[in-house]
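Working notes, structure below.
The values are calculated or read from the model by the stated rules, or taken from the named source; none is laboratory data. In this text the structure is predicted, and so the values were computed from the model without any measurement. Here the Cβ is made from the backbone with ideal geometry for all residues, glycine too, and neighbour counts use every protein chain on show.
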Amino acid sequence: MTGTGTGEGKTFVTRGLARHAHRRGIEVAALKPLETGVVEHATDAEALARASGRPELASLPGLYRVAPAVSPFTATRRGLPPVPSNATLREVISNVSAELWLVEGAGGVLVPLDAERSIADLIAALGLPAVLVARNGLGVLSHTRAAYEALTQRAVHVAAIVLTEHGVFDESQQDNLAILSELLPTPVVRFPSSHDDDDALAESAADVWVTLAR
């Protein structure tokens, strides 16, 4: 689970898919291996773990948590610990028992983890397909195409593009899904605006679930 940037709705989509799977009796692990802006609690990771029905997943040993709400590379340059290696993160994730893993990245696909690695590089190292989340609004065409290229250049399979809605209308919204579907060889699906509630988010994720299950 990755995005075109910060605040695009990745956590809502991941929570919705996790709760949808949990309600179907699937053992799901929704994880956020990297989270910044953590003062007392890893709020996104805790929300994902609750949606999975497995609150212990928020505090797995070996995950990266720092207090400043900045990129991991920025945090490291400020003297905080570096992001664990891709191999270490892959081992932590693979040791979690599940039928379905939903791994949410931090920010957009090219957020730097260090001077060499980005979120896109981590996705490639994990060997997982990507679900690319983008806010449906003006600018989404360019942002999504750029993120898609960054992923596919690393041989990452993009399983779906999910357009989220934040309740603010602009004229582009009525055409963005159709245009992205025409320009990119990947399913594009809506994630309707929802209450901040796991069961409501699961309903919004129904079409995403069907798309990924094909």
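Annotations
- Tabulated pairs, the stretch 79-101, first under 24 Å from VAL28 (Cβ atoms), second in a loop (DSSP other than H, G, I, E, B) and at pLDDT below 95, C-beta under 6 angstrom, 6+ apart or interchain: VAL92/GLY62
- The listed residues are LEU57, LEU34, LEU89, LEU48, and the only one of them that is modelled with pLDDT of 95 or more, in contact with a Ser or Thr (Cβ under 7 Å, 6 or more places away or on another chain) and under 20 Å from LYS10 (Cα atoms) turns out to be LEU48.
- Some residue of the stretch 195-203 being under 22 Å from ILE123 (Cα atoms), at pLDDT 95 or above and under 19 Å from the mean Cα position of the chain (by Cα): no
- When SER142 is tested against (1) free of Cβ contacts under 8 Å to residues at least 12 places away in the same chain; (2) among the small types (Gly, Ala, Ser); (3) more than 17 Å from GLY108 (Cα to Cα), only condition (3) is not met.
- Selected residue (criterion: surrounded by the fewest Cβ atoms within 10 Å (Cβ to Cβ)) from residues of the stretch 158-214 that are of a type in the set (Gly, Ala, Ser) and within 16 Å of LEU132 (Cβ to Cβ): SER181
- Within the stretch 91-127, being under 12 Å from the mean Cα position of the chain (by Cα) and closer than 16 Å to VAL158 by Cβ holds for LEU102, VAL103, GLU104, GLY105, GLY108, VAL109, ILE119, ALA120, ILE123.
- Tally, over the stretch 67-110, of residues that are in a helix (DSSP H, G or I) and of a type in the set (A, V, I, L, M): 5
- Here the stretch 42-67 is the region considered, the condition is being free of Cβ contacts under 8 Å to residues at least 12 places away in the same chain and not acidic (Asp, Glu), and the residue that is farthest from TRP209 (Cα to Cα) is THR43.
- Hits in the stretch 22-66 - residues which are in a loop (DSSP other than H, G, I, E, B), aliphatic (A, V, I, L, M) and surrounded by 13 or more Cβ atoms within 10 Å (Cβ to Cβ): ILE26, VAL38, ALA42, LEU60, LEU63, VAL66
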